[in-house]
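Okay, so here's the structure we're looking at.
The values are calculated or read from the model by the stated rules, or taken from the named source; none is laboratory data. These figures come from a predicted structure and were not determined experimentally. So basically every Cβ, Gly included, is an ideal-geometry build from the backbone, and we count neighbours across all protein chains shown.
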Amino acid sequence: MFLKILSIILLLNILIVDAKAQDKVIIDQVVAIVGSQIILQSDIENQVLQLRAQGYYSSGNIKCEVFEEMLNAKLLVNQAILDSVEVSDGEINSEMERRMNYFINQIGSEEKLEEYYKKSIPEIKEEFRGVIKEQLLSQRMQQQVTSDLKVTPQDVKSFFKSIPADSLPIINTEFEIEQIIVNPEIKEVEILRIKDKLREFKERILNGENFATLAVLYSEDPGSAAKGGELGFVGRGDLVPEFSAVAFNLEPGEVSKIVKTDYGYHIIQLIEQKGERINCRHILLKPRISPDEKMLAKKRLDTIRTAILKKEITFKQACWKYSEDEDTRLNGGVMVNPMTGNSRWEASQLEPKIAYAIKDLEVGGISKPFESEDLNKKVVYKIVLLKEKTEPHPANLKDDYQRIQDIALEKKKTEFMKTWVNKKVKTTYIRIEEDFKKCKFDNPVWNN
């Protein structure tokens, strides 16, 4: 499949490399040129290591498979540049955050990811910014090339009939879930306590104490506290807007006013600025939620749940009226799976607390209120409705039409892209090193 191997890396663990692989020294050289793009020996070696770390093994030559996918990708990137196709910093940052959230959920925490990768979160982001930009350009170009392709219902049926019965994919149990979220109230006296503490820290720093030492002792940002609050060099798009607006206006050594973000309250010190990137440190304090406020949030959700069970209001209506989660409130609480872009979740993809809350529910059942966290690690309370649950089954047109339609369309796009590559290769400067000319490529055009 076109760009098959690279898509595995794109969607899964592009950041998570076998730790031993980081210690290997790869002698680098240019092994191919595609228009204005180059492929390095290290690019291939690193991708092979990542695939093997994920358990992928090839019956053929894995290096040649990776190399061919890279040739396809570089051809797309080269054409994207020629056609002035662009991706914005915002798109890059959004994709970076999506992947980082997935990786952190998979490995357990930011600290574990940093420990595994032996870099801070900002350093990981900086290292892969260029990689993600190139992948997004490649995707954007491929989308542009195939945007007009469609499949008819007859195409879908014909495609499904062409699959041998013993080759039909098994669809795992999947869930569709809706949620209502309530944020426990934070008392004003607690916010004043936090601000007073930060003002005290700033005063101590201005009187000669070391910012980094106070960050190690008191900051509640687990990703930076051990490093003296230092974030490493970051761009504006790497920081939440409120933080960025203040940090980029500081002079080196200057300590900021108190800054409120979705993460809590900060003071910031600029270390150094290089063009549009800064290195700064911060101290983060998070207001504590009292047990009484947690209980009130839980009781409020319990009241809402009771009203729904008594049919005084539907779950969707209650969501629109009461939910405080802006990402899901307006769509009736539907939880969208960021890995697939649709509303279906396998059990392994769910947050453990949600998986536990629905384990004994029948379809249409509503969980009792439970404590959870939002994307910013803030405590929230939620109830969830199990809207749908499928049992494991071989794919069929009745239950899995959309999935089969997507696969049929992808097959059509793959065939079209192969034709597009064959055409573009004839008008693009390409040079391949002798060792790789021996590869048996899936598309013979690269052998020619």
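Worth a mention:
- Exactly one residue out of GLU178, GLU188 is in contact with a Cys (Cβ under 8 Å, 6 or more places away or on another chain) and either farther than 28 Å from SER120 by Cα or exposed (fewer than 13 other Cβ atoms within 10 Å of the Cβ) (or both): that is GLU178.
- Qualifying residue in the range 42-65 (condition: assigned to a loop (DSSP other than H, G, I, E, B), modelled with pLDDT of 90 or more and over 25 Å from the mean Cα position of the chain (by Cα)): no
- The range 236-262: number of residues that are in a loop (DSSP other than H, G, I, E, B), among the hydrophobic types (A, V, I, L, M, F, W, C) and either out of contact with any Phe, Trp or Tyr (no Cβ under 7 Å at 6 or more places or on another chain) or on the phi > 0 side of the Ramachandran plot (or both): 4
- Restricting PHE128, PHE103, PHE67 to those that are hydrophobic (A, V, I, L, M, F, W, C) and farther than 21 Å from LEU375 by Cβ reduces the list to PHE67.
- Test set (1) closer than 20 Å to MET100 by Cα; (2) in a strand (DSSP E or B) - ASN279 fails condition number: (1)
- If you go through the range 246-280 and keep only what is among the hydroxyl-bearing types (Ser, Thr, Tyr) and at pLDDT below 95, you end up with THR261, TYR263.
- Residue match in the range 238-245 (condition: in contact with a Pro (Cβ under 7 Å, 6 or more places away or on another chain), outside the structural domain of GLU326 (by TED's automatic domain parsing), buried (at least 19 other Cβ atoms within 10 Å of the Cβ) and modelled with pLDDT under 95): yes
- Residue count for the range 76-103, restricted to those that are within 24 Å of GLN349 (Cβ to Cβ) and either surrounded by fewer than 18 Cβ atoms within 10 Å (Cβ to Cβ) or not aliphatic (A, V, I, L, M) (or both): 11
- Condition met for LYS202 (touching a strand residue (DSSP E or B) at 6+ places or on another chain (Cβ under 7 Å) and over 24 Å from PRO122 (Cβ atoms)): no
- Lone unmet requirement of (1) under 22 Å from LEU375 (Cβ atoms); (2) in a helix (DSSP H, G or I) for LEU217: (1)
- Filtered residues of the range 364-381 (kept if touching a Lys or Arg at 6+ places or on another chain (Cβ under 9 Å) and on the phi < 0 side of the Ramachandran plot): ILE366, SER367, LYS368, PRO369, PHE370, GLU371, SER372, GLU373, LYS378, VAL379, TYR381
- For ASN172, the conditions (1) more than 19 Å from LYS398 (Cβ to Cβ); (2) exposed (fewer than 14 other Cβ atoms within 10 Å of the Cβ); (3) touching a residue at least 60 places away in the same chain (Cβ under 8 Å) are fulfilled apart from (1).
- Residues located in the range 246-257, provided they are buried (at least 17 other Cβ atoms within 10 Å of the Cβ) and within 24 Å of LYS378 (Cβ to Cβ): VAL246, ALA247, SER256
- Against the list (1) under 26 Å from the mean Cα position of the chain (by Cα); (2) acidic (Asp, Glu); (3) closer than 21 Å to GLU126 by Cα, the condition GLU220 fails is (3).
- Of residues in the range 110-159 being buried (at least 18 other Cβ atoms within 10 Å of the Cβ) and not in a helix (DSSP H, G or I), the one farthest from the chain's Cα centre (by Cα): VAL151
- Whichever residue in the range 375-422 is of a type in the set (Lys, Arg) and part of a helix (DSSP H, G or I) and, among such residues, is farthest from GLN144 (Cα to Cα): LYS398
- ILE38, sole failed condition from (1) assigned to a loop (DSSP other than H, G, I, E, B); (2) at pLDDT 75 or above: (1)
- Selected residue (only one of GLY223, GLY232 is farther than 27 Å from GLU326 by Cα, out of contact with any Leu (no Cβ under 6 Å at 6 or more places or on another chain) and not in a helix (DSSP H, G or I)): GLY232
- Condition check for ILE289: touching a residue at least 24 places away in the same chain (Cβ under 8 Å) and in a loop (DSSP other than H, G, I, E, B): yes
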